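**Student:** Take a look at the following structure, please.
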Amino acid sequence: MVSRYSYNDSSSYIRAKIRRRRGIIAAVITAVCLAVLGTLMFVYNYYKVVNVSVEGSTRYTEQEIREYVMGGILGDNSIILSVRSKNGKMKEIPFVESYSVEVISHDTVRIRVYERSIAGCIDYLGNYLYFTRNGTVVETSRVKLDGIPEVTGLEFDHIVLYEPLPVEDPHVFARILNVTQLLQKYELKADKLYFDHQGNMFVYFGDVRVNMGPEDYSDEKIAHLRRILPSLAGKTGTLEMTNFTPDTHYITFTERK
């Protein structure tokens, strides 16, 4: 405490009072700053995410999803992740329709990924354009995704991202998706799909070209392909399934020497 009687004049007394007040204010500010800093350090360390589980991702590894979702300043803080998720301010991920972040505990989160349903891709000016079941172009990349067949033979005069490819028969995309999903179901990897001017679909497996014929019995046809293709390894030719039915199983192979 500053006593008036300790000073010879009022000016010295006032200056001492001011210095004391400044000292008290500085001490209070320092204490508040230390308290805030301590709180921030506690929040940073306590809510730092160390356990992450990822569900639904087939195109990205768990580490890649973690880097996408939890990147940036305080991206690994469960509070920040919860707020971003609720506000819809999460970072977009290529080939992912949406994803959710569920905070299990202060240091544990679960990320659920909902991937886009990609039917196929086309090679256009050095880029692969990926489209959905209705032909809408949703992604562009220089990288060819494994398991997504390249589609050739489609005719269009322009391409606009996030709009359907302007082909004559839009139903062709549903057929592409159906075949793509069946190939995945039977663990077959086609190099490309080709449509001729009559709308016939051909599926290429290396040097073997498969004429799928009518759209009927696609599931049964591809199930048979899984059994037939190993016997055609190293051969070149056309596998005809045009007249295939579940009853006849009529399939021919014309080898090209």
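Taken together, the values in this text are just the output of simple stated rules run on the coordinates, not laboratory data. Treat the numbers as computed from the prediction; the structure is a model and nothing was measured. Backbone-built Cβ (ideal geometry, glycine too); neighbour counts: all protein chains shown.
**Student:** What percent does the relative contact order of region 118-255 come to when contacts are Cα pairs within less than 8 Å and at least six residues apart?
**Tutor:** 17
**Student:** Next question. May I ask for the equivalent-ellipsoid semi-axes of the chain, computed as the square root of five times each C-alpha gyration tensor eigenvalue and listed largest first in whole Å? Let's see the in-between values first.
**Tutor:** Working: eigenvalues 946, 72, 36 Å².
Ellipsoid semi-axes (Å, largest first): 69, 19, 13.
**Student:** How large is ³J(HN,Hα) for each residue in region 63-70, as worked out from phi by the Karplus curve 6.51 cos²θ - 1.76 cosθ + 1.60 (θ = phi - 60°), to whole Hz, x for Gly and Pro?
**Tutor:** 3J(HN,Hα) across region 63-70, in whole Hz: 5, 5, 5, 4, 5, 5, 6, 10.
**Student:** Let me ask something else about it. How many angstrom separate the Cα center of region 123-190 from the Cα center of region 214-254?
**Tutor:** The two parts, judged by their Cα centres, are 23 Å apart.
**Student:** Which angle between 0 and 90 degrees, to the nearest 10, do you get for helix 78-87 versus the longest principal axis of the chain when only C-alpha atoms count?
**Tutor:** Taking the Cα atoms of the chain, the angle to 78-87 is about 60 degrees.
**Student:** At most 10 other Cβ atoms within 10 Å and a DSSP loop assignment: could you name the GluC sites (Glu not before Pro) in region 75-139 that fit?
**Tutor:** Values: sites: Glu92, Glu97, Glu102, Glu115, Glu139; in loops: Glu92.
Answer in residue order: Glu92.
**Student:** Do any chymotrypsin sites (Phe, Trp or Tyr not before Pro) in region 150-257 lie in a DSSP loop with no more than 15 other beta carbon atoms within 10 Å, and if so, which?
**Tutor:** Phe156, Tyr162, Tyr186, Tyr250
**Student:** Any idea what the relative contact order of the chain is, in percent, if you count C-alpha pairs under 8 Å spaced at least 6 apart? Walk me through the intermediate numbers first.
**Tutor:** Details: 372 pairs, mean separation 25.5, N = 257.
The value is 10 percent.
**Student:** Starting from the 7 Å offset along Cα-to-Cβ, what nm value, one decimal, do you get for the label separation of Ser231 and Val83?
**Tutor:** 6.5
**Student:** Quick check for the chain: number of Lys pairs with alpha-carbon distance under 15 Å, counting only pairs 8 or more apart or on different chains?
**Tutor:** Taking the Cα cut-off of 15 Å, the pair count is 5.
**Student:** Taking only DSSP H segments of four or more residues, each worth -39500 (n - 2.57), what value at 222 nm results for the chain once the sum is divided by all its residues, to the nearest 500 deg cm²/dmol? It would help to have the intermediate numbers written out before the result.
**Tutor:** Details: 5 runs with 81 residues, N = 257.
Rounded to the nearest 500, the figure is -10500 deg cm²/dmol.
**Student:** Of all trypsin sites (Lys or Arg not before Pro) in region 37-127, which ones are in loop regions per DSSP and have a Cβ with at most 11 other Cβ atoms within 10 Å?
**Tutor:** Those satisfying the criteria are Lys89.
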